[in-house]
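The values are calculated or read from the model by the stated rules, or taken from the named source; none is laboratory data. Please read all numbers here as calculations on a predicted model, not as lab measurements. With ideal geometry, Cβ positions are generated from the backbone for all residues, glycine too; neighbour counts draw on all protein chains shown. The area values use the complete protein model at the heavy-atom level, side chains included, leaving out ligands, DNA and RNA. Shrake-Rupley method; radii C 1.70, N 1.55, O 1.52, S 1.80 Å.
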Amino acid sequence: MGAREVVVVGAGISGVACARELRSAGVDVRLLDRGRRPGGRMASRRFDGRPADIGASYLTVSDDDFAAVVEQWRAAGLARPWTDTFTALTPGAEPESKQGPVRWGTPGGIRTLIEALADGLDVVPGHEVGRVARGRDGALEVDGEPARAVVLAMPDPQAARLLDPAAHASAHTALDVEFEPVLALTATYAGRCWRDLPHGAFVNDDPALSWIADDGRRRGDEAPVLVAHSTPRLAARHLDDPAAAGPELVEALGRLVGATQHPEQAHVHRWSLARPARGREHATYLLTDDLLGVCGDAWSARPRVEGAWLSGRDLGRELVRRIG
């Protein structure tokens, strides 16, 4: 790590978008991530060789610049229009069809989008940063190593833990958005044994589940796989032992979709900081005078994949302007 480099911590979509903007302008940038592969909460996991999306469920498009990126993914076969219609499920009521913007899915898993966006960047996987502070000369340091600028592309609570509150009091105070936990259940069945959703379902007023995705329809291979997200309240009860929530999640899923079989395989993944409890209306990133930046999906009026990309893109552009 060199003092002339910008260091981006976190290789989710906002961190990669920021690093891409810097690299395109000729700025030296290194991307550090504690995971083995880029992606962050845009995560896919393989079950019997097939990827299932266990983090972000889909993406929508409204910004022209983001639309151009999505078109590149589509042209490369990485993304495909999925659906504009989901079902609303409310216990004790008839299912209701809900239309909205086109949601995009990914044939190879949503992580492949981040890996494509990170192509050509200097990404260091398996690197867990412990501290961001100021050195004796006042310059930014990442674990004691100097950096030209530092970007924390991650949820507010994680970013706050990395900062020295005395050195970055104002930034530490600004990181005030709480994040909700979610457990993601991936259920693999012997066959498609549930009533038609048709693609996914928002779940209302259920104590266990808030969202169900037909991963076979999302991927386009019709595999008998459902991915369901828990309510934050249920997740909070099982953060220490997420697998213990499996039976309750499987029961709720079968009840809501009318499954006639028990899944052959059920896996529970814990997201301690899954989604921001609120967004921000008037700022798409944080940047201090000494070039400490923070970006991510909480820096958006509507937290979502596109908002996270815009946050990283905007912060990258401002860093390019300030660095010159």
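Give the calculated FRET efficiency between residue 72 and residue 264 to the nearest 0.05, with a Förster radius of 35 Å applied to their Cβ-Cβ distance.
Using R0 = 35 Å, I get an efficiency of 0.40.
For residue 195 and residue 251, compute 0.36 nm times the residue count separating them, minus their Cα-Cα distance, and round to one decimal in nm.
18.6 nm
How far apart, in nanometres, would the label points at residue 127 and residue 222 be if each is projected 7 angstrom from Cα along the Cα-to-Cβ direction?
The answer from the label model is 4.6 nm.
May I ask you to order 235-245, 10-20, 52-62 by the average number of other C-beta atoms within 10 Å around their residues, highest value first?
Per-residue Cβ counts within 10 Å, averaged per peptide and sorted highest first, yield 10-20, 52-62, 235-245.
Please check the chain for the longest run free of GluC sites (Glu not before Pro) that are loop-located per DSSP (anything but H, G, I, E, B) and have at most 13 other Cβ atoms within 10 Å.
1-127
Please report Rg over Rh for the chain, where both radii come from the alpha carbon positions and Rh follows the Kirkwood definition.
0.99
Give the residue list of trypsin sites (Lys or Arg not before Pro) in segment 92-166 that are DSSP loop and have at most 10 other beta-carbon atoms within 10 angstrom.
Passing both the DSSP loop test and the Cβ count: 136.
If each of residue 322 and residue 46 carries a label point 7 Å out from its Cα toward its Cβ, how far apart are those two points in nm?
Placing both labels 7 Å along Cα→Cβ, they lie 4.1 nm apart.
I need the per residue convex hull volume for segment 75-130, using only the alpha carbons, in cubic angstrom as a whole number.
With only Cα atoms used, segment 75-130 gives 168 Å³ per residue.
Share of segment 192-324's accessible area from carbon and sulfur, percent, 1.4 Å?
After summing per-atom areas, the C and S share lands at 49 percent.
Relative to the longest principal axis of the chain, what angle (0 to 90°, nearest 10) does the C-alpha long axis of helix 305-323 take?
In the chain, helix 305-323 runs at an angle near 10 degrees to the longest axis.
Set the Förster distance to 35 Å, then compute FRET efficiency between residue 134 and residue 272 from the Cβ-Cβ distance, nearest 0.05.
In this case the efficiency is close to 0.75.
What accessible area per residue, rounded to a whole number of Å², is obtained for the chain using a probe radius of 1.4 Å?
Value for the chain: 44 Å² per residue.
Please give the contour-minus-distance gain from residue 37 to residue 169: 0.36 nm per residue of separation, less the Cα-Cα distance, rounded to one decimal in nm.
Contour length minus Cα-Cα distance gives 44.3 nm.
If I fit a long axis through the Cα atoms of helix 13-24 and take the longest principal axis of the Cα atoms of the chain, what angle between them do I get, 0 to 90°, rounded to 10?
With rounding to tens, the tilt is 40 degrees.
Given R₀ = 41 Å, what would the calculated FRET efficiency be for residue 143 paired with residue 84, taking r from the Cβ atoms and rounding to 0.05?
Result of the calculation: an efficiency of 0.35.
Any chance you could give the angle, 0 to 90 degrees and rounded to 10, that helix 246-257 forms with the longest Cα principal axis of the chain?
60
What distance in nm lies between label points placed 7 Å from Cα along the C-beta direction at residue 289 and residue 301?
Label at residue 289, label at residue 301, 3.1 nm between them.
Which percent, nearest 5, of DSSP beta bridges in the chain are antiparallel?
Percent antiparallel among DSSP bridges in the chain is about 70.
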